[in-house]
1. Could you list, in sequence order, the residues of segment 90-105 that are buried (at least 24 other Cβ atoms within 10 Å of the Cβ), part of a helix (DSSP H, G or I) and over 11 Å from the mean Cα position of the chain (by Cα)?
2. Those residues that are of a type outside the set (K, R) and surrounded by 20 or more Cβ atoms within 10 Å (Cβ to Cβ), I need them from segment 225-245; list them, please.
3. Anything in segment 156-200 that is open to solvent by 30 Å² or more (accessible area, probe 1.4 Å) and at positive phi? List them, or say none.
4. So L300 passes all but one of these: (1) at pLDDT below 85; (2) in contact with a Leu (Cβ under 8 Å, 6 or more places away or on another chain); (3) in a helix (DSSP H, G or I); (4) of a type outside the set (S, T, Y). Which condition number does it fail?
5. Filter segment 364-383 for residues that are assigned to a loop (DSSP other than H, G, I, E, B) and either modelled with pLDDT under 80 or open to solvent by 10 Å² or more (accessible area, probe 1.4 Å) (or both) and give the result.
6. If you go through segment 149-204, how many residues are of a type outside the set (A, V, I, L, M, F, W, C), out of contact with any Gly (no Cβ under 8 Å at 6 or more places or on another chain) and under 28 Å from V87 (Cβ atoms)?
7. Return the pairs, sorted by first residue and then second, in which the second residue is modelled with pLDDT of 85 or more and buried (at least 17 other Cβ atoms within 10 Å of the Cβ), the first residue lies in segment 177-196 and is among the β-branched types (V, I, T) and outside any helix (DSSP H, G or I), the beta carbons are less than 6 Å apart, and the residues are 6+ apart or on different chains.
8. In the set L17, L42, which member is modelled with pLDDT of 90 or more and among the aliphatic types (A, V, I, L, M)?
Amino acid sequence: MAKPRPRLEKLTIDKDLDKFSLAEEASHHVMRRLAAPGLAALFLILSMGFAASYFTGASGMAVVIAAAAVAGYMAMNIGANDVTNNVGAAVGAKAMSMATALSIAAVFEIAGALIAGRRVTLTIEAGIVDGTQLLTAETLVWVMMSALISSAIWINIATYSRAPVSTTHSIVGGIVGAGLAAAGFASVKWWSIAGITASWSVSPLLGGAIAALILAFLKEFVIYRDDKIAAARRWMPVVLGVTAGCFTAYVAVFALDHVTFISLPTALSIGVLAGAACYVLSKPWIHRQSEGLDNRNQSLRKLFRLPLIFAAALLSFAHGANDVSNAIGPLSAIVSAVNGVASTARSEAPFWVLLIGALGISLGLTLYGPLLIRVVGEEITRLNPMRAFCVALATAITVLLASALGLPISSTHTAVGAVFGVGFFREWYTRRSKRRLEYVRRRTGHADFMEKVETNFAEVRRRRLVRRSYFLTIVAAWVITVPVSALLSAVVYFILSGLFL
C-alpha cells in the first residue's frame, strides 16, 4: 500500500511557495511606498547639481546649492497640493482617467513655467520685501531661505492632512514673517501686500462668476433646448473659438515678450484670427462627433470631454506660469543677493532656476497629486463634463489674467471659487429658471405635479448640490495659512540667523 508522504511533501512545497509569494508581494508593496520618496530625493540631488553647475558667483556656492534643494522641495509640494486643482474637476467628472490627467498637467505645467513664468516671479522676488531696507544682502538670503523652508513644511503638512491650501498664501506669508523678524515693519512693502490680498479676495469671486456665466450660457442655449444636438452644433464651436482666442492672445503678449515685442492690439488681432480658425475647424468635428447621438444630456457630456481636456491643459499652463514663482522667486532673490545684486522689478530668474521649479511641480504632481486630486472634483459639488469644463475654463481665464498683471493670486482660491460658483448657480437655476421648468413640463406632461415637486423639494435639492460643511473647512484652511506660515518663517529665521549671522 502506497504511503501518502509524496502528497504531504507536495502540500508542504505549495505552502512554502505561498509564503514566498506573500513575501514577494509584501516587498513589492514596500518598494512602491519607497519609490516616491526615492525619486523625490533624486530630484533634490539634481536640483543641487543644477546650482553647482550653472551658478557662476565667486562666493556663496554652498548657500545657493542649499537654497536650490529647498526650492525643489517647495516646488514638489506645490505640485502635490496646488496643481490638483487644475485637473480635479475633470477627474471628478470622469472625463479623463487619473493617468491622463497627470500626464497632461505635468507637460503643460512645465511649458507654462518655462515659457511664461518669469513675469510673476518678479512680484514674489522683489514685490513683497524691500531689499534696500534690510541690513545686508546676507540678511535677505536668510529671509528668503526661511520663507522657502517654512512654506514647504506647512504645505507638506497640509497635503498629508488632505487639506487643499494656497501655496501663494504660504510663500507670501513666509516672506512677510521673515522680513518682519529681520528688519521690522519697514522692510515689508505693505501697499504691495494690500494689492495681493485684494487679489486673493477677488479671485474666487471672479472665478465663480465666470464659471456661472459659462454654465448659464450652456444651460440657456444648449442643455434646455428641445433639440440639444442641433444647439450643440451651433454653439459649441463658438465656445471653443473664444477659448482658443483668449489663450492665443495671452501667449502672444506675455509668453513671447522676452522673444519679440508684440503690442496688445496685434495680440488681440492674433487671438481673433486663432479663435476664428478654431471655430471653423471645430464645426465639422462637432458635427461628426454628434452624429447618431440621442437627444439627451448624456450625449452632450460626450461632446464636452475633448474640450475639457483642452481646458485642463490651458489651466495647467496658466498654473505653471503663475505659481512657479512661489518656489523659484525666493531662490532667484537668493542668487541675486549672493551675487551682490539687489532684486528689483527688472530682475530676471536664470533658466536653471525656472527649470527647477517646472520639473519639481510636475514631479510632485505625479508622485503625490492623487492624494488630493479628488477633493476639488468630488467633495464640493457633483460635476459632469459640462460643469467641469466651465470650472476649468473660468479658472484658467482668471489665473491667466492675474499672471498677465503680475499678481501672484491663489489658483486654489480661483478653482474652488469656480466650483462653488457652478454649484450655487445650479441651485439658483434649478429653483428659479422658467426655461428649465417649462422644459421639464413639456417633457413630462405633468405641469401640476412638477410645480408641487418644485415647491416641496427645492430645499432638499439645494442641500445636495453644494456641501456647505466643506466650505467651512476650505475657509479655515485659507484663514490660517498666512499667519501660520508667517509665524513659522519668523521662527526659522531666528534659528538660521543665530547660526549663520
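The values are calculated or read from the model by the stated rules, or taken from the named source; none is laboratory data. Note that this is a predicted model, so its numbers are computed, not measured. Cβ coordinates were reconstructed from backbone atoms using ideal geometry, including for glycine residues, and neighbour counts include every protein chain displayed. Areas reflect the complete protein model, heavy atoms only, side chains present, ligands, DNA and RNA absent. Shrake-Rupley method; radii C 1.70, N 1.55, O 1.52, S 1.80 Å.
1. The answer is A90, V91, G92, A101.
2. The answer is I229, A232, M236, P237, V239, L240, G241, T243, A244, G245.
3. If the condition is that a residue be open to solvent by 30 Å² or more (accessible area, probe 1.4 Å) and at positive phi, then R162 is the only one that fits.
4. (2)
5. E379, R382, L383
6. Looking only at that region, the number is 16.
7. Taking only residues 6 or more apart or on different chains, the pairs are V188/V176; V188/G179.
8. Answer to the check: L42.
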